[in-house]
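Structure, as structure tokens:
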Amino acid sequence: MRYLTFALAKGRLARTTVDLLERIGISCEEIKDKDTRKLIFTNEKEGYRFFLAKASDVPTYVEYGAADIGVVGRDTILEESRKIHEVMDLGFGKCRMCVCGHESAKELLKSNEIIRVASKYPHIAKEYFDNVKHQSVEIIKLNGSVELAPIVGLADVIVDIVETGTTLKENGLEVLETVTDLSARIIVNRVSLRIEHERISKLLTDLNKILKED
Ligand code: PRP
């Protein structure tokens, strides 16, 4: 049997996904071992293979068919804009992509001035300011702790993920605008959707069923 291969964004998302898959009878004991440094796991009996990748690489593996299925946040899907099919909202990992900053930056967002925007998500930020707000911006790509940018004067605002809002609050910042809602999604390779139609359809139906029960 051909393996059905899953690319999971390593970390909390992968752990939640593994638990969810287990509930529909797709299991892999080895992947649950917290101490393992292995990146790829196989369930020989049922023909499944799972690998753990950096979130931003999951859509790439799926686009090229190295994985049939991927589980990753919508933030990553939007940022990477790969040729993949997004087929299901798993409903967990809910958060928002927001424009954040000091309260005083609200005025700048209404002005015609070119503003500086720092983000780990330069494409999402650019697309929002170009196509939704029609405001000229200079995007500065950062790789983490983005909340620092408006505090130290690197940028006027940031575009970043807000989950509980604690990071913003503890740093004297606030949500100024919401760009979009986010959550974990299932993505599928375009060819796999045809050649593995049966197995993938069953997987999605089974997942739908248990998500409705929750
Ligand atoms: C994310 C995000 C925010 C924070 C939001 O950062 O970029 O900084 O979580 O969560 P909260 O609203 O619950 O406080 P992450 O923890 O991934 O670290 P990073 O800043 O290094 O990217």
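The values are calculated or read from the model by the stated rules, or taken from the named source; none is laboratory data. Here the structure is a predicted model, which is why all the values come from computation and not from measurement. Backbone-built Cβ (ideal geometry, glycine too); neighbour counts: all protein chains shown. Please note that ligands, DNA and RNA were not included when accessible areas were found on the heavy atoms of the full protein model with its side chains. Shrake-Rupley method; radii C 1.70, N 1.55, O 1.52, S 1.80 Å.
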Query raised in the report: What's the number of the condition R2 fails, among (1) surrounded by fewer than 17 Cβ atoms within 10 Å (Cβ to Cβ); (2) assigned to a helix (DSSP H, G or I); (3) of a type outside the set (A, V, I, L, M)?
Result: (2)
Requested in this report: Scan segment 134-175 residue by residue and report those that are β-branched (V, I, T), free of Cβ contacts under 8 Å to residues at least 12 places away in the same chain and near the ligand (Cβ under 6 Å from one of its atoms).
Outcome: T164, T166
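Considering segment 111-120 alone, what residues qualify as being at pLDDT 95 or above and open to solvent by 40 Å² or more (accessible area, probe 1.4 Å)?
Of the residues in segment 111-120, the ones at pLDDT 95 or above are 114-120.
Of everything in segment 111-120, those that are at pLDDT 95 or above and open to solvent by 40 Å² or more (accessible area, probe 1.4 Å) turn out to be I114, R116, K120.
Which of the strands (runs of 3 or more DSSP E) contained wholly in segment 25-92 include at least 2 residues that are open to solvent by 20 Å² or more (accessible area, probe 1.4 Å)? Full working, then the answer.
On the way: elements: 40-43, 48-53, 69-73, 85-89.
Counting at least 2 such residues, we get 40-43, 48-53, 85-89.
Is it true that some residue in segment 153-164 is acidic (D, E), over 18 Å from G93 (Cα atoms) and open to solvent by 40 Å² or more (accessible area, probe 1.4 Å)?
Here is the first cut: in segment 153-164, the residues acidic (D, E) are 156, 160, 163.
With over 18 Å from G93 (Cα atoms) added as a condition, the list becomes 156.
So of that shortlist, the ones also open to solvent by 40 Å² or more (accessible area, probe 1.4 Å) come out as 156.
So far as segment 153-164 goes, yes, one or more of its residues are acidic (D, E), over 18 Å from G93 (Cα atoms) and open to solvent by 40 Å² or more (accessible area, probe 1.4 Å).
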